[in-house]
Amino acid sequence: MALQLIPDPSLAERTTLRLGGHAEVEAVLREASDLDELGTFLTRHTLRPFVIGRGSNLLARDGRCDIALIRAAGQPGPTRVERSDEGLVVRCGAALALPGLLGWAQRAGLTGLEGLTGIPGTVGGAVAMNAGSYGVEFGQRVSRVRLWSPSGGLTWVGADRCSFGYRRFAVPDLPAGRLIWEVEIVLETSTPRAVRQAMREVYGKKRTTQPVTARSAGCVFKNPEGDSAGRLLDRAGMKGMRRGQMAFSDIHSNFLINLGGGTSAQALDLIELGREVVKTRLGVTLETEVIIL
């Protein structure tokens, strides 16, 4: 199957905030052989490559940007690979939706990911951002990752070579900018009923503390060490603060939501206001967690 190139893709249609202008092109990968064509395409064009999953942690600017979006689609998985001393090794493509992986694990009676219930995005994004919630980080479960670059092709990298941190993933002995193609994780055996109950408890808590059904990109700011960005924004009086049709949620201040008809300019203005007010009133400089494209 040949690499699919979609001209003039709308960023608003590809992000959960429903904001942004247009990129130059979107390259859709469905098979490993498409990666060779992608390498050729990237060497022939001066566009900036950017891997996009389900757009759940992105704030795209208005207007046009010289970006080639890269999106994997239709990869197989999850599949059971083998049983190790730690548990059952499961392999899945980076394009798989993270909720889909959790649902599959629940039906299979496999535990270890329940704390990530309610997080949108893809498995590849969960690796790249080391998705975390309720004491669970995706990187804790990674056994190895299959990465691709135009110069190095596809290669498996073991967890011992990976560096996972707070919303961060890197392989220190490899150049940055590699595409995540597949991942293997280790889960333990439980029962479908027990896993389902744990997932329900997590989602129930999130529904009362986060705007899980709103147009949002998740947390705007990273938590400073030993503190909570949401608590700091609350203290600074930012809960419910609006700029046009963009607002800090009145349920959780660290969630930026699109009330309908918002713009990227309004969102960026509100983010800078929140950062400035927290710095001025509380002496803390907040770092953005959402990726601004």
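A few points about this structure:
- D34 falls short of the stated requirement of being farther than 30 Å from A159 by Cβ and either under 19 Å from the mean Cα position of the chain (by Cα) or touching a residue at least 24 places away in the same chain (Cβ under 8 Å) (or both).
- The residue that is surrounded by the most Cβ atoms within 10 Å (Cβ to Cβ), counting only those in the range 104-115 that are touching a residue at least 60 places away in the same chain (Cβ under 8 Å) and out of contact with any Asp or Glu (no Cβ under 9 Å at 6 or more places or on another chain), is L113.
- Number of residues in the range 118-129 that are over 9 Å from the mean Cα position of the chain (by Cα) and modelled with pLDDT of 95 or more equals 0.
- For the range 173-183, filtering for residues that are over 17 Å from the mean Cα position of the chain (by Cα) and either more than 30 Å from R83 (Cβ to Cβ) or at pLDDT 95 or above (or both) leaves 2.
- The lone criterion from (1) closer than 30 Å to L259 by Cβ; (2) at pLDDT 95 or above; (3) in contact with a strand residue (DSSP E or B) (Cβ under 9 Å, 6 or more places away or on another chain) left unmet by A198 is number (1).
- Selection of the range 160-173 for residues being more than 16 Å from S149 (Cβ to Cβ) and crowded, with 17+ Cβ neighbours inside 10 Å yields F164, R167.
- Options T16, T46: the member that is modelled with pLDDT under 95, under 19 Å from L96 (Cβ atoms) and of a type in the set (V, I, T): T16
- In this structure, T208 does not satisfy being exposed (fewer than 15 other Cβ atoms within 10 Å of the Cβ), within 19 Å of the chain's Cα centre (by Cα), hydroxyl-bearing (S, T, Y) and within 30 Å of G103 (Cα to Cα).
- Only strands (runs of 3 or more DSSP E) whose full extent lies in the range 1-92 are considered here, and none of them has at least 3 residues that are at negative phi and polar (S, T, N, Q).
- Count of the range 209-227 residues which are part of a loop (DSSP other than H, G, I, E, B) and within 11 Å of L286 (Cβ to Cβ): 5
- Scanning the range 58-86 for residues that are over 23 Å from L98 (Cβ atoms) and assigned by TED's automatic domain parsing to the domain that holds E37 returns R61, D62, G63, R64, C65, D66, I67, A68.
- Hits in the range 140-181 - residues which are out of contact with any Ser or Thr (no Cβ under 9 Å at 6 or more places or on another chain) and small (G, A, S): S151, G152, G153, S163, G165, A176
- Hits in the range 228-254 (condition: within 21 Å of G132 (Cβ to Cβ) and either in a loop (DSSP other than H, G, I, E, B) or touching a Phe, Trp or Tyr at 6+ places or on another chain (Cβ under 7 Å) (or both)): S228, A229, L233, S249, I251, H252, S253, N254
The values are calculated or read from the model by the stated rules, or taken from the named source; none is laboratory data. Since this is a predicted model, take the numbers as computed values, not measurements. For neighbour counting, all protein chains shown are included, and Cβ atoms are generated from backbone atoms with ideal geometry for every residue, glycine included.
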